[in-house]
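Chemist: The following block contains the structure, expressed as structure tokens.
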Amino acid sequence: TPPISPMAIAFDAENLTLSPAGPTLTRRMSDLEGLFLDTDAWAAAVHGDDPVVYTVTSSPVPEIDRELPQSITTIMPGHTSGELWMTKGHQHPDHQGEIYLALKGRGGLLMFDGERTEWLDMLPGTIGYIPPGWAHRSVNTGDEPYAFLAVYPGGAGHDYGWVLEHGMGSRAYRATDGVDLRPYSAP
Ligand code: S6P
Ligand code: ZN
């Protein structure tokens with residue numbers, strides 16, 4: 001890979017796109033196996049229209065050591081048996097920290113270090129700081145798409161197995177006034 005030059009990346013706040021852009025990832029319900037508590041409701045959604053739950057659009061900055069890539073995650077509004085739509089969630093294998101900036105909609109940042117759980121309300125303009133060693137998951141708590149910018153060390157990686165094994169400490173359910181956090185239980 002040739003070295004990346006200094007560059008400006010245009011962010012379109014209306015369409016939540018980057019230009020120039022790198023790869024875009026689309027996660028459907030079928031990609032979220034083992035995450036929602038109600039397994040039957042999850043399977044019914046998969047065998048229905050298998051909806052897109054979130055997308056991740058990256059900038060052209062590569063995920064390699066010493067680079068500082070960015071991406072925009074957009075989570076659709078919705079719930080599975082009341083459990084709000086969310087990202088898979090992951091731990092960074094070498095425990096690097098990360099920064100999120102909420103851009104649009106309403107959401108939450110759920111963090112878990114294996115013992116303690118933290119929840120941050122994420123409204124446009126909120127910077128959420130993920131300290132080293134905290135697994136992180138994002139949740140859409142509103143009724144429109146929730147989007148945020150992530151900036152992270154290029155060598156951070158994604159350990160999804162950690163979350164499947166340890167959970168996230170809490171589950172986020174829809175409530176009339178935002179979110180109802182319940183203690184984690186395995187599906
Ligand atoms: C990467 C950063 C985000 C997530 C994205 C999707 O370190 O935390 O870009 O990758 O929000 O979540 P997940 O858990 O499916 O990777
Ligand atoms: Zn991360």
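The values are calculated or read from the model by the stated rules, or taken from the named source; none is laboratory data. On a predicted model such as this, the values are computed, not experimentally measured, just so you know. All Cβ positions, even for glycine, are placed from backbone atoms using ideal geometry, and neighbour counts span all protein chains on display. These area figures cover heavy atoms from the full protein model, side chains too; ligands, DNA and RNA do not enter into them. Shrake-Rupley method; radii C 1.70, N 1.55, O 1.52, S 1.80 Å.
Chemist: Given the criteria assigned to a loop (DSSP other than H, G, I, E, B) and in contact with a helix residue (DSSP H, G or I) (Cβ under 6 Å, 6 or more places away or on another chain), does Pro153 qualify?
Modeler: Judged against the criteria, Pro153 is not a match.
Chemist: List pairs: first residue in the range 20-40 and over 13 Å from Val56 (Cβ atoms), second residue of a type in the set (S, T, N, Q) anywhere in the structure, Cβ distance under 7 angstrom, at least six positions apart or on different chains.
Modeler: Matching pairs, first to second residue: Phe36/Thr80; Leu37/Ser185; Asp38/Thr80; Asp38/Ser81.
Chemist: Residues of the range 55-64 being part of a strand (DSSP E or B) and touching a residue at least 40 places away in the same chain (Cβ under 8 Å), which ones?
Modeler: Listed by number, the residues that qualify are Thr57, Ser58.
Chemist: Could you please find all residues in the range 156-179 being out of contact with any His (no Cβ under 8 Å at 6 or more places or on another chain), open to solvent by less than 20 Å² (accessible area, probe 1.4 Å) and in a loop (DSSP other than H, G, I, E, B)?
Modeler: Within the range 156-179, Gly167, Met168 qualify.
Chemist: Here are the criteria: (1) farther than 23 Å from Pro69 by Cα; (2) surrounded by fewer than 19 Cβ atoms within 10 Å (Cβ to Cβ); (3) polar (S, T, N, Q). Tell me which single one Thr141 does not satisfy.
Modeler: Of everything listed in (1) farther than 23 Å from Pro69 by Cα; (2) surrounded by fewer than 19 Cβ atoms within 10 Å (Cβ to Cβ); (3) polar (S, T, N, Q), Thr141 misses just condition (2).
Chemist: Next question. Which of (1) in contact with a Gly (Cβ under 9 Å, 6 or more places away or on another chain); (2) of a type outside the set (S, T, N, Q); (3) open to solvent by 20 Å² or more (accessible area, probe 1.4 Å) is the odd one out, the single condition Gly105 does not satisfy?
Modeler: Failing condition for Gly105: (3).
Chemist: Okay, moving on. All but one of (1) in a loop (DSSP other than H, G, I, E, B); (2) touching a Lys or Arg at 6+ places or on another chain (Cβ under 9 Å); (3) open to solvent by 40 Å² or more (accessible area, probe 1.4 Å); (4) not β-branched (Val, Ile, Thr) hold for Arg182; which doesn't?
Modeler: Condition (1) is where Arg182 drops out.
Chemist: Let me ask something else about it. Tell me yes or no: at least one residue of the range 78-100 is open to solvent by 10 Å² or more (accessible area, probe 1.4 Å), closer than 22 Å to Ala10 by Cα and either more than 15 Å from the chain's Cα centre (by Cα) or among the small types (Gly, Ala, Ser) (or both).
Modeler: No, the range 78-100 contains no residue that is open to solvent by 10 Å² or more (accessible area, probe 1.4 Å), closer than 22 Å to Ala10 by Cα and either more than 15 Å from the chain's Cα centre (by Cα) or among the small types (Gly, Ala, Ser) (or both).
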